[in-house]
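Chemist: Sharing a structure, written as structure tokens. Questions coming.
The values are calculated or read from the model by the stated rules, or taken from the named source; none is laboratory data. For clarity, every value in this text was computed on a predicted model and none was experimentally measured. FYI the Cβ positions are ideal-geometry reconstructions off the backbone, even for glycines, and counts take in every protein chain you see.
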Amino acid sequence: MRWSRALAAVVALPLLTVACGDDAATSTAAATTTTAVITTTTTTPMPVVTTLPGDLHPSWGVNWSALWPPEGATATYRVQIMGSDWIDLPAHFEYGVDWRGCTWDRLVIGTVESGQYGAALYFSRPEPWVLRLWGVEQTSTDRDDTVLEYFEYPQDLDFSLLPDDPPTLEGSMLVEHGFGTSGPIPAVYRMEGVGEEAVAVPAGTIEGAYHIRFGLGGDFYPLGPGGEIGFFSDLWLHPEHLIVKWEPGPAGGPIELVTPWALPD
């Protein structure tokens with residue numbers, strides 16, 4: 001199933017289904033901070049907010065909090081959804097969303113309703129540079145149901161390990177749609193940091209985008225020679241644009257930035 005391969009390769013880690021973990025405590029876009037008190041000549045205490053060193057990626061040199069647009073910001077992405085032609089769809093973040101008994105953050109592309117093109121990626125951020133995902137909800141104009149893909153047990157993906165010690169994870173995936181539920185199906189995931197690159201997208205050429213490659217193998221996915229991982233997805237991140245390009249992305253096909261993230265006037 002093309003959609004299943006695309007989602008799992010894109011996120012490349014087992015997802016959380018029934019346990020919420022620390023989601024409620026980490027569902028805002030704010031930076032990790034600490035507060036100190038200094039004394040002025042008037043002896044009035046004044047709080048000083050300082051970003052914790054743990055927020056900085058050890059090799060990329062970017063703050064985790066800098067990646068995430070504030071709530072209310074919007075962008076436009078050019079996407080392909082389940083074999084569609086290229087279309088431009090709006091995107092926005094929603095933080096602290098109640099979903100299936102847990103609290104998540106959510107990236108929404110398009111309109112996630114039956115008969116509309118849309119995808120919603122559910123995730124949380126338990127600590128800087130660690131991403132925990134629940135799964136993806138997807139709809140399209142030629143279907144009257146919603147497709148959900150998620151993984152059976154939680155395994156957090158630690159981006160701070162890149163590029164020197166990329167993790168390989170094992171998990172299992174489930175798929176829900178109008179025809180029922182499939183799975184759990186075993187899968188193996190691998191992530192590697194390729195490095196900083198210039199990426200050309202409809203929004204222009206973005207310098208200094210960090211290229212991450214995800215690989216996927218297992219019972220549900222194509223394998224390379226010798227049974228190794230044979231299916232890959234490439235993601236480019238940038239501190240000013242978050243997702244610059246994702247191929248394939250959570251909408252089932254490539255996504256490319258058209259209009260950068262910005263707050264409404």
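Chemist: Tell me which residues, restricted to region 97-122, are surrounded by fewer than 21 Cβ atoms within 10 Å (Cβ to Cβ), hydrophobic (A, V, I, L, M, F, W, C) and modelled with pLDDT of 90 or more.
Modeler: Scanning region 97-122 gives VAL97, LEU107, VAL108, VAL112.
Chemist: For the structure I just gave you, tell me whether GLU94 is surrounded by fewer than 17 Cβ atoms within 10 Å (Cβ to Cβ) and in a strand (DSSP E or B).
Modeler: yes
Chemist: Another question about this same structure. Report yes if some residue within region 71-84 is surrounded by fewer than 21 Cβ atoms within 10 Å (Cβ to Cβ), modelled with pLDDT under 90 and aliphatic (A, V, I, L, M); otherwise report no.
Modeler: Yes, there is a match, as at least one residue in region 71-84 is surrounded by fewer than 21 Cβ atoms within 10 Å (Cβ to Cβ), modelled with pLDDT under 90 and aliphatic (A, V, I, L, M).
Chemist: Let me ask something else about it. Cβ-Cβ below 8 Å, separation at least six or inter-chain, first residue in region 64-78 and assigned to a helix (DSSP H, G or I), second surrounded by fewer than 17 Cβ atoms within 10 Å (Cβ to Cβ) and among the hydroxyl-bearing types (Ser, Thr, Tyr): which pairs?
Modeler: From residues that are assigned to a helix (DSSP H, G or I), the pairs are TRP64/THR32; SER65/THR32; SER65/THR51.
Chemist: One residue is enough: does region 177-185 have a residue meeting the conditions among the polar types (S, T, N, Q) and closer than 27 Å to VAL79 by Cβ?
Modeler: There is at least one residue in region 177-185 that is among the polar types (S, T, N, Q) and closer than 27 Å to VAL79 by Cβ.
Chemist: Please go through region 124-160 and pick out each residue that is in contact with a Lys or Arg (Cβ under 8 Å, 6 or more places away or on another chain) and among the polar types (S, T, N, Q).
Modeler: SER124
Chemist: Is it the case that region 149-172 has a residue that's among the β-branched types (Val, Ile, Thr) and crowded, with 20+ Cβ neighbours inside 10 Å?
Modeler: Checked against the condition, which is being among the β-branched types (Val, Ile, Thr) and crowded, with 20+ Cβ neighbours inside 10 Å, region 149-172 yields no hits at all.
Chemist: While we're here: Please go through region 219-259 and pick out each residue that is within 23 Å of GLU137 (Cβ to Cβ), at pLDDT 75 or above and not in a strand (DSSP E or B).
Modeler: Those that are within 23 Å of GLU137 (Cβ to Cβ), at pLDDT 75 or above and not in a strand (DSSP E or B): PRO248, GLY249, PRO250, GLY252, GLY253, PRO254.
Chemist: So which residues in region 137-189 are among the polar types (S, T, N, Q), farther than 30 Å from ASP85 by Cβ and either part of a loop (DSSP other than H, G, I, E, B) or under 17 Å from the mean Cα position of the chain (by Cα) (or both), if there are any at all?
Modeler: The answer is GLN155, SER160.
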